[in-house]
Amino acid sequence: MQNSAASETVTAHRRARAVGVVAALAALAVAASACSSSSDKGSGGTGDSGKKVGITLVLKTLTNPYFVTMKKDAQQEAAKDNVNLTVAAGNKDGDTQTQIAAIDNAISRGDKGILITTNGDAVNAALNQAKQAGMFVIALDTALNPASTADITFATDNEQAGKLIGQYGAARLAGKKAVIAMLDLFDNQVVSVDIQRDHGFLEGMGIDPGSTTVNGKEAKTGSYTGGSYEVVCHQPTQGAVDGGRTAMENCLSANPNINVVYTINEPAARGAYAALKAAGKQAGVLMLTIDGSCQGLTDVTSGTFTADSAQYPGKMASLGVSSIAKLARGGAKPSVTSGKDFFDTGTALVAKDAASGVTSQTADQAKSACWGS
């Protein structure tokens, strides 16, 4: 009886130890599961390249091929990077309320970052809230005002893009008087891309813009590089074909002898050309614009545009998606281009006819990097 009792006691101890081991293993499994759940929390889980990262792309509009290209290339990059991409856009250029709603929704979803082409300073408060919530904000194409509202800007050097067409225009005039129409983006709000392209063009022509912060402050008459000039008008276009047509009609009413037209973008330039053609005034006019779409290159070849500074919107968007995805998974923050306060995605001048002293590409040479249909 004593041996049997001892045997039962040993057996009981062994069972207790086994139960303890099982319990310990179970506890470890629960702890591991809890850690995994914590690190994968939200749509932008970090630390594992296999986890979805939530990113929101907020565009000016989806009526301009420039921003449609951003959407398309961002979506392609998102598919490669295992990103859950949400795309939103204003109903028109200047629509900040729709953009603000999209930012608020991104915060509610717990996205890891926002890419935005801003419609105006009214979005800044919402973007600051997004940053406070831990989101990384990248401005695309247009720096925010102030630029520090975003963590970084991915953009073409818009001032340089303006300078290129200004330098080309001055060279093509070859000393003739420049009678200039300035077709800007807005006249009722300040957006950096509007200022930078406008001022860059004037600087390229050899004309002092007269201000660093607003358009229309240059002397209306004076000398450009090579001759004299007159600025006939500054008209808003909202970056649209209809706006460009109306703006050009107004400028022609002020002076029918315009021979240089600066436009904020290609849609505005197409509208301006339509107005010139309707008035029988298109011959001999230098139509100088900025964008570099595939259609724009066709317009350069046909002579609708005299010169076009090509930009790469798809590159801005795809690099932005990739950068936030890498950062969300433990990678380094993107950095600015050396010597600049933003990441420069490049620009190049495209023209049918070469101009002395100005480097340019033909439309055929530029075709491999154009965007849109």
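Things to note:
- Put simply, of GLY330, GLY357 the only residue that is surrounded by fewer than 18 Cβ atoms within 10 Å (Cβ to Cβ), farther than 24 Å from ALA307 by Cβ and of a type in the set (Gly, Ala, Ser) is GLY330.
- The set of residues in segment 246-261 being open to solvent by 60 Å² or more (accessible area, probe 1.4 Å) and touching a Phe, Trp or Tyr at 6+ places or on another chain (Cβ under 9 Å) is empty.
- For segment 120-230, the helices (runs of 4 or more DSSP H) that sit wholly inside it and include 3 or more residues that are open to solvent by 60 Å² or more (accessible area, probe 1.4 Å) are 124-132, 158-173.
- Filter pass, MET316 being among the hydrophobic types (A, V, I, L, M, F, W, C), outside any helix (DSSP H, G or I), out of contact with any His (no Cβ under 6 Å at 6 or more places or on another chain) and crowded, with 24+ Cβ neighbours inside 10 Å: no
- Filtered residues of segment 67-101 (kept if in a helix (DSSP H, G or I) and more than 24 Å from GLY243 (Cβ to Cβ)): LYS72, ASP73, ALA74, GLN75, GLN76, GLU77, ALA78, ALA79, LYS80, ASP81, ALA101
- From GLY90, GLY113, residue being open to solvent by less than 20 Å² (accessible area, probe 1.4 Å) and either within 25 Å of ASP291 (Cβ to Cβ) or among the aromatic types (Phe, Trp, Tyr) (or both): GLY90
- Within segment 280-295, the presence of at least one residue that is in a helix (DSSP H, G or I) and within 26 Å of LYS60 (Cα to Cα) is confirmed.
- Test: residue in segment 308-315 that is closer than 17 Å to LYS112 by Cβ and polar (S, T, N, Q): no
- Which numbered condition ALA240 misses (of (1) modelled with pLDDT of 95 or more; (2) touching a Pro at 6+ places or on another chain (Cβ under 7 Å)): (1)
- For segment 333-354, a residue qualifies if it is open to solvent by less than 20 Å² (accessible area, probe 1.4 Å) and more than 17 Å from ASP73 (Cβ to Cβ), and the qualifying residues are ALA348, LEU349, VAL350, ALA351.
- Residue in segment 276-287 that is among the β-branched types (Val, Ile, Thr) and closer than 26 Å to VAL68 by Cβ present: no
- Selection from segment 262-278 of residues that are open to solvent by 50 Å² or more (accessible area, probe 1.4 Å) and within 23 Å of the chain's Cα centre (by Cα): ARG270
The values are calculated or read from the model by the stated rules, or taken from the named source; none is laboratory data. Everything numeric in this text was worked out from a predicted model, so none of it was measured. Because the Cβ atoms are built from the backbone with ideal geometry, glycine has one as well, and the counts that use them run over all protein chains shown. Note: accessible area is taken over every heavy atom of the protein model, side chains too, but ligands, DNA and RNA are not part of it. Shrake-Rupley method; radii C 1.70, N 1.55, O 1.52, S 1.80 Å.
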